[in-house]
Amino acid sequence: MTLISSKNSSDTSADVAIIMRTKDRHLLLPRALGSVLLQKFTNWHLYLVNDGGEREELDKQLEVYQPIFGKRLTVLHNEKSLGLAAALNVALAAGSEEFVAVHGDGDSWDPAFLINTVLFLSDPKKATYLGVATDCYVIDEVIEEGGVIRETRRHVWAREKGVTDYTKMLCSNTFAPICFLFRRSVISQIGLFDASLPALGDWDFNIRLMMKGDIGHICKPLANYHYLHETDWFVDDNTAAKREAAYRLQSTFLQNRLLRSFLDKQPEALGFLMTLLKPIRETHERIGHTQHSVGELQHHVHYLDRRIDELLSINRRLASQMSVVVSELEQVRTVASWQKKMLRPVHKVWRSALPVRRVIARLRGRP
């Protein structure tokens, strides 16, 4: 690992360490860097870890930002990729600020994120809180040909008010890392991010943090969690589909590991847990039966949909044929109308010749 810039030891220490891991994400990185630079709260220092990515290209990209960041930027280069959690630990070890925020290289903040979260944790009345999280926008987006980032939709990821519910945190991570600011002092109590976890290191960290204290909540969407979808033109290891697959697998591994750790220390709790989890298992079984029934209904619905499609197709063909018949009848009606008009003079002459025709008929012996 090598260092290209660092804080001057004579500088006044910043209040917030912003740690960011990146690896060859040059298209998305400018948005993340701009998000940091636009913060209304300015007493921060950014620790950017290049986790095994192309160094020269990153250095060239950062040349534009270096005058703006000044001494507030430290860039750390890992010769080989260590993974997200280990890279964040490298950044943590480089600083000593009072507060810490993890900023994804594809995410962004509202300009008021730091000032709101820092004021929350700096309030003496909230000294017992070990961290604070905000609501955020979840922004679905795709990268189109030419490197154009296009937003497809967004919604607010809102949480409970006041304080994070630990029971919900045990079930799933209740906020994205981009939403969170925590006290550095927590690390001495619970340790760093678990580098053995390829994913969900933030969830594991939050579970361990909440063993020691609470996480507050600000009911404002002050962060943006960008949900990148893979396209035919743009392929990335950090797209939504790949993250979801990894998170589902690692979620099970993490829950299993935590349960094993608990039972290893208190094996007598196994029977209690089995009794406690029995209603949950039965509920899951009922849900499974319900899902099976729903699956059968969906199968029948799909069959009916196909039959309806077939009938609609037949109806369209009949309608097309009827249209042809109606068109032909209309043509016949038009021809007949013209013929009637053309024969009117003949018919008039024929009627006016009726007395002559009767005389001729008598002469021929007809009645």
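The values are calculated or read from the model by the stated rules, or taken from the named source; none is laboratory data. It should be emphasised that the depicted structure is a prediction, and the values quoted were computed from it without experimental measurement. With ideal geometry, Cβ positions are generated from the backbone for all residues, glycine too; neighbour counts draw on all protein chains shown. Note: areas computed on protein heavy atoms with side chains; ligands, DNA, RNA excluded. Shrake-Rupley method; radii C 1.70, N 1.55, O 1.52, S 1.80 Å.
Numbers below:
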| read-out | value |
| --- | --- |
| Listed peptides 97-105, 319-327 by packing density, highest first (mean Cβ within 10 Å) | 97-105, 319-327 |
| Ranked order, Thr152, Thr174 - accessible area, probe 1.4 Å, largest first | Thr152, Thr174 |
| Sequence ranges 300-306, 116-122, ranked by mean other-Cβ count within 10 angstrom, highest first | 116-122, 300-306 |
| Chain lengthening between Gln321 and Lys60 when straightened (0.36 nm per residue, less Cα-Cα) | 87.1 nm |
| FRET efficiency estimate (nearest 0.05) - Cβ-Cβ, Leu312 to Lys340, R0 30 angstrom | 0.15 |
| Whole-number accessible area per residue in Å² for the range 67-214, which is evaluated in the context of all protein chains at 1.4 Å | 43 Å² |
| Euclidean distance between Cα centres, the range 307-367 to the range 79-145, Å | 86 Å |
| The range 146-171 versus the range 206-228: alpha-carbon centroid distance in Å | 9 Å |
| Links that overshoot a 20 Å alpha carbon limit, given the list Lys161/Lys220; Lys125/Lys161; Lys40/Lys125; Lys126/Lys161; Lys168/Lys212; Lys126/Lys168 | Lys40/Lys125; Lys126/Lys168 |
| Shape call, the range 42-159: gyration tensor on alpha carbons, a/c limit 1.5 | oblate |
| Fraction of accessible area attributable to carbon and sulfur, the range 1-141 (%, probe 1.4 Å) | 54 percent |
| Debye intensity ratio in log₁₀ form over the Cα atoms of the range 90-168, taken at each q of 0.13 Å⁻¹ | -0.61 |
| Sequence ranges 144-151, 42-49, ranked by mean other-Cβ count within 10 angstrom, highest first | 42-49, 144-151 |
